[in-house]
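Here the structure is laid out as structure tokens; the discussion comes afterwards.
The values are calculated or read from the model by the stated rules, or taken from the named source; none is laboratory data. In this text the structure is predicted, and so the values were computed from the model without any measurement. Virtual Cβ from ideal backbone geometry, glycine too; neighbours counted across all protein chains shown. Keep in mind that these areas ignore ligands, DNA and RNA; they rest on the heavy atoms of the full protein, side chains included. Shrake-Rupley method; radii C 1.70, N 1.55, O 1.52, S 1.80 Å.
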Amino acid sequence: MYIFAIVNPNTMKTGTIFSVEEFAIHDGPGIRTTIFLKGCPLRCAWCHNPEGISPQPQYMIKKGVKSICGYQITVEELVTMIEKNRSIYTLNRGGVTLTGGEPLFQPDFVIELLRQLPDIHTAIETSGYANTHIFNEVTSLADLILFDIKHTDPEMHRKYTGVDNAIILENLALLCNSGRDFIIRIPLIPGVNDTRENMSAILEKIKDARNLIRVEILRYHRTAGAKYAMIGETYHPPFDTGKAPQIYNVFEENNIKNLIV
């Protein structure tokens, strides 16, 4: 059984975000504006943006200063903000990236936003955990999908992210056959998913995709837990944070373009 966010249709043009990063260069081609949306159905044990998990604004204390993390914004307000950098996107072949949290947790807001940006390059970073009709509609509107895949084994995925991965793998298969450009991102967590077996299983699911641009292997950062205290939580990941993850680059072995970060 899959459980997803229910969005009030009366507020479909209003979303909740917690950060806007201008002049970003790591979330798609060119210079971009990266928008972080609040709310995520996953509870990844290594999450480095814990302030993006709750869909609601919350208090955050940074350097002794208490402030509200997260605010509502309309599609129209966000489009106006994005349009200010249009000349930069044009000169650098950049655009806008929606991340989080999980952008598909606020589907009506994201779909309406993408419809308002038809001539600006758009990218979505997603876990793929969404109803297939939502996933299909969003991916049909975005120019690039950054698909984060953690583990192919359902029990391991549930243990470390809190949710089953059946719908994620289903959406990944749809993406591979969609003709839509995409990048696979794998957060490499020591003792969790850094096995040849898991990497090979991911390879099998994506190796025949025509529009796969590359695979990005993202090594675990020991600073991932730095923000938890800021929102009044503790960080106790169930894996050895001091251990370096193993890197089995089966993608390079199979002539798939890849990047290790």
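Return the pairs, sorted by first residue and then second, in which the second residue is open to solvent by 10 Å² or more (accessible area, probe 1.4 Å) and in a loop (DSSP other than H, G, I, E, B), the first residue lies in the stretch 142-168 and is on the phi > 0 side of the Ramachandran plot, the beta carbons are less than 7 Å apart, and the residues are 6+ apart or on different chains. Cβ pairs passing all conditions: G162/R43. For the stretch 138-146, the condition holds for no residue, the condition being that it is under 15 Å from P41 (Cα atoms) and modelled with pLDDT of 95 or more.
Yes or no: the stretch 78-85 includes at least one residue that is among the polar types (S, T, N, Q) and farther than 18 Å from K227 by Cα. There is at least one residue in the stretch 78-85 that is among the polar types (S, T, N, Q) and farther than 18 Å from K227 by Cα.
Residues of the stretch 113-132 that are open to solvent by less than 30 Å² (accessible area, probe 1.4 Å) and in a helix (DSSP H, G or I): L113, L114. Restricting attention to the stretch 240-255 and to residues that are in contact with a strand residue (DSSP E or B) (Cβ under 6 Å, 6 or more places away or on another chain) and either touching a residue at least 12 places away in the same chain (Cβ under 8 Å) or among the small types (G, A, S) (or both), the residue that is least open to solvent (accessible area, probe 1.4 Å) turns out to be F251.
Restricted to the stretch 68-93, and to residues there that are hydroxyl-bearing (S, T, Y) and in contact with a strand residue (DSSP E or B) (Cβ under 6 Å, 6 or more places away or on another chain), the residue that is farthest from F36 (Cα to Cα) is Y89. Yes or no: the stretch 51-66 includes at least one residue that is surrounded by 19 or more Cβ atoms within 10 Å (Cβ to Cβ) and within 20 Å of F147 (Cα to Cα). Within the stretch 51-66, one or more residues are surrounded by 19 or more Cβ atoms within 10 Å (Cβ to Cβ) and within 20 Å of F147 (Cα to Cα).
Look at the stretch 22-42: where a residue is among the charged types (D, E, K, R) and assigned to a strand (DSSP E or B) and a partner is modelled with pLDDT of 95 or more and open to solvent by less than 10 Å² (accessible area, probe 1.4 Å), sitting 6+ places away or on another chain with Cβ atoms under 9 Å, you get E22/R32; E22/T33; E22/T34; R32/G94; R32/G95; R32/V96; R32/T97; R32/A123. Taking the stretch 133-147 as the range and being surrounded by fewer than 19 Cβ atoms within 10 Å (Cβ to Cβ) and in contact with a strand residue (DSSP E or B) (Cβ under 6 Å, 6 or more places away or on another chain) as the test, only D143 passes.
Could you tell me whether any residue of the stretch 91-104 is in contact (Cβ under 8 Å) with a residue 12 or more places away in the chain, closer than 23 Å to T132 by Cβ, open to solvent by 60 Å² or more (accessible area, probe 1.4 Å) and not hydrophobic (A, V, I, L, M, F, W, C)? No, that holds for no residue.
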